[in-house]
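The values are calculated or read from the model by the stated rules, or taken from the named source; none is laboratory data. Everything numeric here is computed off the predicted structure, so don't read it as measured data. Note that each Cβ is placed from the backbone with ideal geometry, even for glycine, and that neighbours are counted across all protein chains shown.
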Amino acid sequence: MAASGALTLAVLVPNSLAHAASYGTPTIALSASYLSGAVGATGDPVVDVTVTQSGADASALTVAASASSKSSVAGTGDVQVTGAGSSRRLTVSAHARGYTDLTIKVTGLGGKTATKTLHYAASAAVQNAADTRYFTGSSDASAAVDVGGGYVVVADDESNTLRLYDRSASGAPVKTWDFSSKLGVSKEIDIEGAARVGNTIYWTGSLGNNKDGEYKADRNTVFTTTVTGSGAATQLALGGSYKKLRDDLVAWDHSNGDRFGFTAATASGQVPKQIDGFNVEGLEFAPGSTSTAYIGFRAPLVPPANGGKALIVPVTNFDKVVGSGAKPVFGAAVQLDLGGLSIRDIRKNAADQYLIVAGSWAADDNSDPYAVYSWDGVAGHAPVKRADLPTSDPGGWEAVVDVPDLSQAGARAQFITDDGSADLYGDGTEAKDLSHTEWKKSRATWFTVTG
């Protein structure tokens, strides 16, 4: 009997080792190696995890965080993995602002493992966190246009890339477009304003000098894109363009006695963001019109002194200017009392109800006051202040996506910040200078704009 038992053991052990050896080393892949979240955020970005192991059913594999380089930011217990089979989904809940490297480990059959590193960055908690989402991949959001189906196209004033985002979720763009080569530009257009008419979106550069007071021709660009589809299926194609609107505005003002100081404001050495500067940030069409566009100025104020009014210059044939290169025809300038603030964005709905994002002409815009005004688009009619926008969190308010029915109580609108100069993660680095685009982001928050 003893000999028989020994023989049985000698047979079982090699068979067991052979079975274990039949399992390959697991594989693990992350849809992103860099991820940005926020303390107290709702709907933070997710990472898709794909795991496999030869010789094993993927449902038998486990995935979890096994280490964190800085658990005070987010520890292993703050990583949640859901799903089954080969496809899993990972989310991280942050405790504090900063960075941590998270080791994500897959454990397969036979005790075999594999790991990947997720480089995670968390920004600080903000007001209205439950109504806030983060559009990642860019930190310098400057204009936005709703394209239906819960999606928005967002422009960036540090690049010429247009990005399509899901308005309800934090995360990376689902599509991007860069028309630089087709537009014949090599530097940033400094896109600051946008307006949609039918399936045409008009985009304008700031038209001003750069921050060093230098003229850059590419900033004097207005162009259109044609929209097909909607929602996640949205597509954009380049339409027309025009590159002399700044020159035309300066000549128009000069012929009218330099009333607004455009000639002096565009001279070499003059920076755009000063009270008597030259800087366009708003674009929308006049009530009931598909041809007259309102050009909204961040600078100058009129007169250029504290308490001055915001300036709008109508272009009555804007569709032909951008569509076929026609010479602009300017209407009578409109001045709006926005409590000493200027125009950072202007948007209307189909009922010709306007919302204006009002902010300072100054460059230190992460703490200057911001407010939301409604208007009926009629020259001589006063805008009505609806709300102050919070300024204690990083970023300057730059865009309103669309305008709800302002006759309804409790109407909400989504506003977007430019976070380019913000220190999001507490290391002294401005967001626009971060080494990884996945860590760059702008904040989109819903606010109630009617009582």
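Quick notes
- Condition met for ALA74 (outside any helix (DSSP H, G or I), over 26 Å from SER22 (Cβ atoms) and out of contact with any Gly (no Cβ under 7 Å at 6 or more places or on another chain)): yes
- The one condition from (1) under 12 Å from the mean Cα position of the chain (by Cα); (2) farther than 21 Å from VAL47 by Cβ that GLY149 does not meet is (1).
- Leading residue by the ranking (nearest to ASN279 (Cα to Cα)) among those in the range 310-356 that are without any contact (Cβ under 8 Å) to a residue 40 or more places away in the chain and polar (S, T, N, Q): GLN335
- Only one of VAL372, VAL321 that is over 28 Å from ASP405 (Cβ atoms) and hydrophobic (A, V, I, L, M, F, W, C): VAL321
- Applying the criterion of at least 2 residues that are surrounded by 23 or more Cβ atoms within 10 Å (Cβ to Cβ) and assigned by TED's automatic domain parsing to the domain that holds TYR134 to the strands (runs of 3 or more DSSP E) found wholly in the range 163-262 leaves 191-197, 200-205, 222-228.
- Within the range 24-47, considering residues that are of a type in the set (S, T, N, Q) and touching a residue at least 40 places away in the same chain (Cβ under 8 Å), the one farthest from LYS105 (Cα to Cα): THR42
- Neighbours by Cβ (under 6 Å, 6+ apart or cross-chain): first from the range 113-125, closer than 15 Å to ALA32 by Cα; second crowded, with 18+ Cβ neighbours inside 10 Å and of a type in the set (S, T, N, Q): TYR120/THR100; ALA121/SER36
- Only a single criterion out of (1) under 26 Å from PRO173 (Cβ atoms); (2) in contact with a strand residue (DSSP E or B) (Cβ under 8 Å, 6 or more places away or on another chain) is not satisfied by ASP423, namely (2).
- Evaluation of TYR370 against the conditions (1) surrounded by fewer than 20 Cβ atoms within 10 Å (Cβ to Cβ); (2) at pLDDT 95 or above; (3) under 19 Å from the mean Cα position of the chain (by Cα) shows that the sole unmet condition is (1).
- ARG89 surrounded by fewer than 16 Cβ atoms within 10 Å (Cβ to Cβ) and basic (Lys, Arg): yes
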